[in-house]
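The values are calculated or read from the model by the stated rules, or taken from the named source; none is laboratory data. Note that the structure is predicted; figures quoted are calculated from it, not measured. Cβ placement follows ideal geometry from the backbone for every residue including glycine, while neighbour counts extend to all protein chains displayed.
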Amino acid sequence: MNLPVYLDNNATTPVDPEVLGAMLPYFTQKFGNAASKNHLYGWIAEEAAGMAREKVAELIGATATEIVFTSGATESINLAIKGVFETYRTKGNHIITCVTEHKAVLDTCKHLESQGARISYLPVMQDGLIDPQELKSVITPETILVAIMYANNETGVIQPVKQLAAITHEAGAIFFTDATQAAGKIPVNVQREGIDLLALSAHKMYGPKGAGALYVRRKNPRVRITAQIDGGGHERQMRSGTLNIPGIVGLGKASELCIRNMNLESGRLSALRDKLENAILGTGGAYINGSTKSRLPHVSNIAFRNAEGQHLLMAMKNLAVSSGSACTSASPEPSHVLKSMGLPDYLAHSSIRFSLGRFTTEEEINFAAEQAVLAIDQARAQFPAEHNSAKTAV
C-alpha cells in the first residue's frame, strides 16, 4: 500500500494503464496531424480521433458528430456559455446558473456580465439541491441559457437535471450542464435528460490531463455556438487548433472503460465510501454535507465540529484528501459551495472531502478510517476550549 493513500479523485484521477497503452503509439509511430489529408499519417490520426469521438458519444448517449474536442472542461464551459451568449444575444441577454457551480462557470458568467449579460444565480437548499420552482420563478422570455452542474465537485450532490432541462425548454431556452464529475461515474444520457450542451474532461475519469469535450446538440433543436478560438476552422468551425490526438485517444479509451465498468465500480465504491463514513461518523460531532440520497457513489464531504480544518489536514498526513475544490484550494476563503448550503465559516473550514476511485482498495479504506479517527482526536485536542460551547450548538 502506497502512502499517502490517495482519496482525492475528484481533483484528478490516475491514468488507467489501458488508457496509457492506447495513447503511447500516437506520440511516436502514429504521430500524424489529423488535418493532414494527403497521406497515411494524417489518415491514421483522423481515424483515431473518429473512433474516440464515437466512444465519447456512446458514454453520454450522443452521436459522434455532436462531440467537439477541447483541452478540458474549463475550455468546454467557456465555449458553451460564451458561445451561446454571442449567438443568441439578439433573442435575450439573460443567463441562469447556480451559486454552487464550479468557478469555471461562475467566472465565465461574471465575465459576461461585463459584456452586457444579466445573470441570475439560483440558491440551493440545505442539502445542496436546487428547488425546480426557483428556476421557474426566474426564467423569462429573455432567458437564453440555463447552466446547472450535473454533480457537484465538492459534495457529489446530483441535481435533478432532467426536470430542470424540461423547465428550461418550456421557456424556449438552452440547457447546459457541467458533467465533469458525473460523466463516466454514473449513467448520463443527453437525449433522455434533455441536455443541449455538456462539458466533460478526461482526467476526471482515468484519462490524461489536457483533453476534454463539449457535446453540442445537432437537432430537435439544433444548438449553435460562436467559436471562441479562431484559426483553421477545426471541429466543424467550433474550435480551431491542431487536435491533441494522444489525449483524444486517451479520452476515447477512458470512455470505453467507463462504459464497461461503471455499474461494477459504482457499487464497489459506494460500499467502500459508506464504510469510511460510518467509521468517521462514529466519532460523534461529524456529519455529511449535502444530500445522501442524490449524490455520486464515490464522494463524501464531512463537516467536523470542534476541530480546525488545517489541524485535521495536518493530522491526516498519510491521506491525500481535500478541503474543497482543487481549483480553489489555494484560497484561504471557506468553500463557496458549503457556505451557499448554509454552513457557517468555521464548519466550512473544518469540512473534508473524501473522493474514492477505480484503484481505491478495501485495505486503503480500512487504513484511511483508522487514520481519520486518530486525526479527529488530535485536531479536537488542539481546539480552543473557549470555542467549544459556542460552536457545538450550531
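Can you give me the number of residues within region 135-163 that are buried (at least 17 other Cβ atoms within 10 Å of the Cβ) and touching a strand residue (DSSP E or B) at 6+ places or on another chain (Cβ under 7 Å)?
Looking only at region 135-163, we keep the residues that are buried (at least 17 other Cβ atoms within 10 Å of the Cβ), and these are 135, 139, 143-161.
With the extra rule that they be touching a strand residue (DSSP E or B) at 6+ places or on another chain (Cβ under 7 Å), the set shrinks to 135, 139, 143-151, 154-158, 161.
The qualifying residues number 17.
Any chance you could count how many residues in region 133-158 are touching a helix residue (DSSP H, G or I) at 6+ places or on another chain (Cβ under 6 Å) and closer than 30 Å to L356 by Cβ? So that I can check it myself, show each step before the final result.
From region 133-158, those touching a helix residue (DSSP H, G or I) at 6+ places or on another chain (Cβ under 6 Å) are 135-136, 144-148, 150, 154; that's our starting set.
Those left that are additionally closer than 30 Å to L356 by Cβ: 147-148, 150, 154.
Count: 4.
Counting just the residues of region 342-367 that are more than 24 Å from A182 (Cα to Cα) and more than 24 Å from the chain's Cα centre (by Cα), which one comes out modelled with the lowest pLDDT?
Y346
When residues of region 143-174 are filtered for being aromatic (F, W, Y) and touching a His at 6+ places or on another chain (Cβ under 9 Å), how many remain? Break it down into steps so the answer makes sense when it comes.
Keep residues of region 143-174 that are aromatic (F, W, Y), which gives 150.
Those still in the list that are touching a His at 6+ places or on another chain (Cβ under 9 Å) too: none.
The total comes to 0.
Being over 27 Å from Y287 (Cβ atoms) and either touching a Gly at 6+ places or on another chain (Cβ under 6 Å) or assigned to a helix (DSSP H, G or I) (or both) is the filter here, so list the residues in region 125-142 that pass it. Reasoning before the result, please.
At the first step, the residues of region 125-142 found to be over 27 Å from Y287 (Cβ atoms) are 135-142.
Listed by number, the residues that qualify are L135, K136, S137, V138, E142.
If you scan region 346-385, which residues turn out to be touching a Lys or Arg at 6+ places or on another chain (Cβ under 7 Å) and exposed (fewer than 14 other Cβ atoms within 10 Å of the Cβ)?
Listed by number, the list is empty, since nothing qualifies.
Can you find a residue that is under 21 Å from the mean Cα position of the chain (by Cα), within 29 Å of V161 (Cα to Cα) and buried (at least 23 other Cβ atoms within 10 Å of the Cβ) anywhere in region 231-241? Break it down into steps so the answer makes sense when it comes.
Applying the first criterion (under 21 Å from the mean Cα position of the chain (by Cα)) to region 231-241 yields none.
Scanning region 231-241 turns up no residue that is under 21 Å from the mean Cα position of the chain (by Cα), within 29 Å of V161 (Cα to Cα) and buried (at least 23 other Cβ atoms within 10 Å of the Cβ).
Please work out if K185 is in the same structural domain as K55 (by TED's automatic domain parsing) and at pLDDT below 95. Let's see the steps before the verdict.
Values: in the same structural domain as K55 (by TED's automatic domain parsing): yes; at pLDDT below 95: no.
No: the conditions fail for K185.
Report whether or not E18 is within 21 Å of G207 (Cβ to Cβ), of a type in the set (D, E), modelled with pLDDT of 95 or more and buried (at least 21 other Cβ atoms within 10 Å of the Cβ).
Spelling it out, it is not the case that E18 is within 21 Å of G207 (Cβ to Cβ), of a type in the set (D, E), modelled with pLDDT of 95 or more and buried (at least 21 other Cβ atoms within 10 Å of the Cβ).
Of all residues in region 153-193 being more than 22 Å from E142 (Cα to Cα) and of a type in the set (S, T, Y), which is nearest to the chain's Cα centre (by Cα)?
My answer is T180.
Where residues in region 34-50 are out of contact with any helix residue (DSSP H, G or I) (no Cβ under 6 Å at 6 or more places or on another chain) and closer than 25 Å to A199 by Cα, which of them is surrounded by the most Cβ atoms within 10 Å (Cβ to Cβ)? Spell out the reasoning first.
Quick first cut of region 34-50, residues out of contact with any helix residue (DSSP H, G or I) (no Cβ under 6 Å at 6 or more places or on another chain) only: 35, 37-44, 46-47, 50.
Next cut, closer than 25 Å to A199 by Cα only: 35, 46-47, 50.
Working: A35: 14, E46: 18, E47: 12, G50: 13.
It comes out as E46.
Could you say which residue among K55, K37, K82 is at pLDDT below 95 and of a type outside the set (S, T, Y)? Before you say what the answer is, go through the steps one by one.
Details: K55 fails: at pLDDT below 95; K82 fails: at pLDDT below 95.
Answer to the selection: K37.
Go over the candidates S266, S201 one by one and state the one that is among the polar types (S, T, N, Q), modelled with pLDDT of 95 or more and either more than 18 Å from the chain's Cα centre (by Cα) or in the same structural domain as R89 (by TED's automatic domain parsing) (or both).
Numbers: S266 fails: either more than 18 Å from the chain's Cα centre (by Cα) or in the same structural domain as R89 (by TED's automatic domain parsing) (or both).
Checking each option against the conditions leaves just S201.
Run down P208, P160 and say which single residue is farther than 23 Å from N261 by Cα and at pLDDT 95 or above. First the steps, then the outcome.
Numbers: P208 fails: farther than 23 Å from N261 by Cα.
Just one listed residue meets the conditions, P160.
Which of the residues belonging to region 307-327 are in contact with a Phe, Trp or Tyr (Cβ under 7 Å, 6 or more places away or on another chain) and surrounded by fewer than 20 Cβ atoms within 10 Å (Cβ to Cβ)? Full working, then the answer.
Residues of region 307-327 that are in contact with a Phe, Trp or Tyr (Cβ under 7 Å, 6 or more places away or on another chain), as a first pass: 307-308, 312, 320-321.
Across region 307-327, the qualifying residues are E308, A320.
Taking the condition assigned by TED's automatic domain parsing to the domain that holds A22 and among the charged types (D, E, K, R), does R239 pass? Can you show your working first?
Working: assigned by TED's automatic domain parsing to the domain that holds A22: yes; among the charged types (D, E, K, R): yes.
Criteria met by R239.
For region 47-91, enumerate the residues that are in contact with a Phe, Trp or Tyr (Cβ under 9 Å, 6 or more places away or on another chain), over 21 Å from D230 (Cβ atoms) and of a type in the set (A, V, I, L, M, F, W, C).
Correct list: A48, A52, V56, A57, I60, A62.
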